[in-house]
């Protein structure tokens, strides 16, 4: 293993947004400090933020809905944005999307309307860079487990992560990573207990 | 063409006007009330739209709440990729992840809802005899078309769905950032136990159809390009027909409206938004 300098090492508090530039060739390691913490993740090309992560392009190109070690994360223009360079969790989700105040009203009832949600985090983080609601697309959910059963049944179920497990991506272009450390408390995506995660950029 | 005089405006005008009445395979019928394939039971004056979308073509259309929208896979090889926006506030749009997650199901078919990113129902599926649709693999783009067909552009023989969408949304003042994850009608993708995508490309029997109901005022943007998992070497896609007619919004006792608690709340959120 080559040694590479740590550029950034931060803790994202439970329920909080986070964003950073990751340069081509750098790695971003996300550590699930306390286990089963969904980390909602979007990325945009630094040079042109109309080019962004595309779950559908990624799924079509790899022929699978799960993101595993080596997965190539494609943009909406079909270009390689990043590669999963290491993961100690078998697979991650990219079909479940982000929780929002509005979708929470459908999924759980209108009593959840005022709860904090991932879309709120994404909007807040993106607003600092001039991006808005049009920039919301289907995201990655690191450490989240969304199986599809034979009859089409689909849902967010108990996670397969554990304290200290991690995922690492290598940027294949200069990109902006935007994260919502998921605040959801109505399903098992965070074990009903949102917790902090650690972000380490190296290279 | 030697007898055609286009050397002066009068001649050019006569030449242009002589084209009137030309019929081609892929074109709109205007007015739609004259469409020969008007659905049974629909009065002519209720017709809103009748257009055959070319192989490799696109279309975009605004429809009022309650309108019915039917797609026909005329020759068995259409692949209609669809974006949906709120016509009133286009920043509200189809959310594919919410559409699947909220309904606890991966596959679209009769009785399912198409949901917005604001917890509301954009469209519901009234009938579906195709049963091969795809919410996972999205639109082809310049890179995927160039890889398969060697060429990809809107001005060439192998347009890709993303570039078609770019034109379709532009007609409503929208741009590249508005091209959100889409739904593909008539070409299917199923998910295997290991998460693998299983493509259902056909070709299928001609005439399969899908009928939607607009539950809000919507803009639909359609591209008819080969599915991104279609492995045939040739650019293979056949024309699709779009028909729309005026209709009543879902009544309070509508079975689709009331089918699930999650779906009912999506209707309630629409109805609440329309209270003025």
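Could you list, in sequence order, the residues of the stretch B:189-204 that are at the interface with chain A (Cβ under 9 Å from one of its Cβ atoms), surrounded by fewer than 17 Cβ atoms within 10 Å (Cβ to Cβ) and assigned to a loop (DSSP other than H, G, I, E, B)?
Scanning the stretch B:189-204 gives B:192, B:193, B:194.
Per-residue answers, yes or no, for (1) more than 17 Å from the chain's Cα centre (by Cα); (2) crowded, with 17+ Cβ neighbours inside 10 Å:
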{"residue": "A:41", "(1), (2)": "no, yes"}
{"residue": "A:61", "(1), (2)": "yes, yes"}
{"residue": "A:76", "(1), (2)": "no, yes"}
{"residue": "A:99", "(1), (2)": "no, yes"}
{"residue": "A:109", "(1), (2)": "yes, no"}
{"residue": "A:137", "(1), (2)": "no, yes"}
{"residue": "A:140", "(1), (2)": "no, yes"}
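Within the stretch B:225-276, count every residue that is part of a loop (DSSP other than H, G, I, E, B), within 14 Å of chain A (Cβ to nearest Cβ) and buried (at least 19 other Cβ atoms within 10 Å of the Cβ).
7
Does the stretch A:54-64 contain any residue that is modelled with pLDDT of 95 or more, within 14 Å of chain B (Cβ to nearest Cβ) and closer than 20 Å to residue A:202 by Cα? Write out each step before concluding.
Narrowing the stretch A:54-64 to residues modelled with pLDDT of 95 or more: A:54-64.
Adding the requirement that they be within 14 Å of chain B (Cβ to nearest Cβ) leaves A:54-64.
Right, trim to closer than 20 Å to residue A:202 by Cα and you get none.
The answer is no, given that none of the residues of the stretch A:54-64 is modelled with pLDDT of 95 or more, within 14 Å of chain B (Cβ to nearest Cβ) and closer than 20 Å to residue A:202 by Cα.
Does residue B:139 satisfy the condition of being within 9 Å of chain A (Cβ to nearest Cβ) and part of a helix (DSSP H, G or I)?
No; evaluated as a whole, the condition is false for this residue.
If you take the residues in the stretch B:41-96 that are free of Cβ contacts under 8 Å to residues at least 24 places away in the same chain and not in a loop (DSSP other than H, G, I, E, B), which one is nearest to residue A:132 (Cα to Cα)?
Out of the qualifying residues, it is B:45.
Report yes if residue A:116 is part of a loop (DSSP other than H, G, I, E, B) and farther than 26 Å from residue B:163 by Cβ, otherwise no.
yes
Name the single residue, out of those in the stretch A:65-74 being surrounded by 19 or more Cβ atoms within 10 Å (Cβ to Cβ) and not in a strand (DSSP E or B), that is farthest from the other protein chains (Cβ to nearest Cβ).
Checking each candidate, the answer is A:71.
Conditions tested, residue by residue: (1) modelled with pLDDT under 95; (2) more than 7 Å from every other protein chain (Cβ to nearest Cβ); (3) surrounded by 19 or more Cβ atoms within 10 Å (Cβ to Cβ).
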site	(1), (2), (3)
B:108	no, yes, yes
B:112	no, yes, yes
B:117	no, no, yes
B:121	no, yes, yes
B:126	no, yes, no
B:129	no, yes, no
B:132	no, yes, yes
B:135	no, yes, yes
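Does at least one position in the stretch A:93-113 carry a residue that is away from chain B (no Cβ under 11 Å), outside any loop (DSSP other than H, G, I, E, B) and within 20 Å of residue A:156 (Cβ to Cβ)? I'd like the intermediate steps shown before the answer.
First, pick out the residues of the stretch A:93-113 that are away from chain B (no Cβ under 11 Å): A:111.
Applying the additional criterion that residues be outside any loop (DSSP other than H, G, I, E, B) yields A:111.
Cutting the leftovers down to within 20 Å of residue A:156 (Cβ to Cβ) gives us A:111.
Yes: one or more hits.
Mind checking which residues of the stretch A:1-50 are without any contact (Cβ under 8 Å) to a residue 60 or more places away in the chain, more than 11 Å from residue A:176 (Cα to Cα) and in a strand (DSSP E or B)?
Hit for the stretch A:1-50 is A:50, nothing else.
Would you check which residues across the stretch A:142-162 are surrounded by 16 or more Cβ atoms within 10 Å (Cβ to Cβ) and more than 16 Å from the chain's Cα centre (by Cα) and list them?
Selection gives A:147, A:148, A:152, A:154, A:155.
Among the listed residues B:17, B:38, identify the single one that is surrounded by fewer than 14 Cβ atoms within 10 Å (Cβ to Cβ) and more than 26 Å from residue B:252 (Cα to Cα). Before the answer, list the steps.
On the way: B:38 fails: surrounded by fewer than 14 Cβ atoms within 10 Å (Cβ to Cβ).
After ruling out the rest, the residue left standing is B:17.
The values are calculated or read from the model by the stated rules, or taken from the named source; none is laboratory data. The structure displayed is predicted, hence computed values, not measured ones. Using ideal geometry, Cβ is built from the backbone for each residue, glycine included, and neighbour counts are taken over all protein chains shown.
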